[in-house]
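A quick write-up on the structure given underneath.
The values are calculated or read from the model by the stated rules, or taken from the named source; none is laboratory data. Just so you know, these numbers come straight off a predicted model, no measurement behind them. No Cβ is skipped: glycine too gets one built from the backbone with ideal geometry, and neighbour counts run over all protein chains shown. Only protein heavy atoms, including side chains, enter the accessible area calculation; ligands, DNA and RNA are left aside. Shrake-Rupley method; radii C 1.70, N 1.55, O 1.52, S 1.80 Å.
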Amino acid sequence: MRTALLQSSGRPGSTAENLKVLDDAAGRAAAAGARLLVAPEMFLTGYAIGDDIARLAEPADGDAADAVAEIAGRHGLAVAYGYPERDGETVFNSAQLISADGTRLANYRKTHLFGCFERDHFTPGEQPVVQAELDGLTVGIMICYDVEFPENVRAHALAGTDLLLVPTAQMHPFQFVPEHLVPVRAWENQMYVAYVNRVGPEGEFEFVGLSTLAGPDGTARARAGRTEQLVFADADPAFLAASREANPYLEDRRPGLYGSLV
């Protein structure tokens with residue numbers, strides 16, 4: 001499945017402008033043959049926007065979700081994107097996957113919040129594994145800091161995730177995460193990992209870019225730089241099956257030895 005990674009911080013504070021950026025990227029991605037477009041963490045509103053997070057937060061089936069569904073349907077590709085989700089008085093840092101026909105396939109709430117900024121503005125989610133079927137692949141979702149916990153990604157591997165989508169807002173000085181940790185996660189769990197970052201200065205943060213789609217062989221199939229970019233790579237089920245046969249980590253586990261981990 002040809003996958004497009006949108007490395008952009010969009011226009012922080014304006015959902016309408018970010019939908020325009022997403023629409024443009026979806027058109028370019030579809031023209032290049034992509035079946036899936038992945039945007040970063042909190043893409044619809046911006047990340048470092050303070051109390052505007054609560055003001056701009058919407059339900060998973062709100063107006064912004066309808067707008068993304070229209071974009072997906074018009075361009076004929078699935079779209080995954082980060083946004084602040086409102087559920088009553090509670091706000092989550094969420095990511096949603098919408099299919100090429102505009103159907104809402106999966107919605108994930110970030111389970112591991114990073115730093116005081118996120119803990120001040122969000123409530124952590126409680127469901128670690130969220131998946132959907134897309135073009136013959138089992139697609140999972142998590143957000144940024146979540147992927148840095150090996151237990152999280154292994155849970156996805158055990159649940160059969162083939163392609164893990166990780167919208168992110170990774171900042172300086174943690175560039176080693178996209179450069180080194182993400183390919184290792186893909187290798188040790190025998191899956192594809194699409195890690196899609198914001199880029200450039202925003203509020204008190206400096207986002208490092210370096211979005212990547214890592215393969216089960218531990219290599220970066222696509223790697224963005226430090227500017228706004230749209231990059232492409234394929235998640236190949238045949239290659240994944242062959243890699244899993246050659247590297248049977250999941251089959252060779254001995255769960256009885258790991259009780260102390262929990």
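Odds and ends about this structure:
- Cα gyration tensor category, rounded, prolate or oblate, for the range 197-262 with a/c compared to 1.5: oblate
- Label point at Ala54 placed 7 Å out along Cα→Cβ; residues across the range 84-100 whose backbone nitrogen lies under 20 Å: 84-94
- Per atom type, the range 88-173 shows carbon and sulfur on 50% of its accessible surface, probed at 1.4 Å.
- Between Glu179 and Ala16, the simple spin-label model (points 7 angstrom out along Cα→Cβ) gives 4.1 nm.
- For the peptides 23-32, 101-110, 157-166, residues were scored by their other Cβ atoms within 10 Å and the scores averaged per peptide; the highest-first order is 157-166, 101-110, 23-32.
- For the pair Glu70 and Arg254 in one chain, pulling the backbone fully straight at 0.36 nm per residue adds 61.6 nm over the alpha carbon distance.
- Global geometry of the range 83-176, whether rounded, prolate or oblate, following the gyration tensor of its Cα atoms and the 1.5 cut on a/c: oblate
- Relative contact order of the chain: 19 percent, from C-alpha pairs under 8 Å at least 6 residues apart in sequence.
- Rounded to the nearest angstrom and listed largest first, the equivalent-ellipsoid semi-axes of the chain from its Cα gyration tensor are 27, 21, 17.
- Dividing the summed helix terms, -39500 (n - 2.57) for each DSSP H run of n ≥ 4, by the number of residues in the chain produces a 222 nm estimate of -8000 deg cm²/dmol to the nearest 500.
- Per residue value of the accessible surface for the chain (all protein chains in place, 1.4 Å probe), Å²: 40 Å²
- Applying 0.36 nm per residue to the separation of His172 and Val262 and subtracting their alpha-carbon distance, the gain on full extension is 29.3 nm.
- Crossing angle, helix 15-31 versus the chain [Cα axis fit, 0-90 degrees, rounded to tens]: 50 degrees
- Cα long-axis angle, helix 237-246 against the chain (0 to 90 degrees, to the nearest 10): 40 degrees
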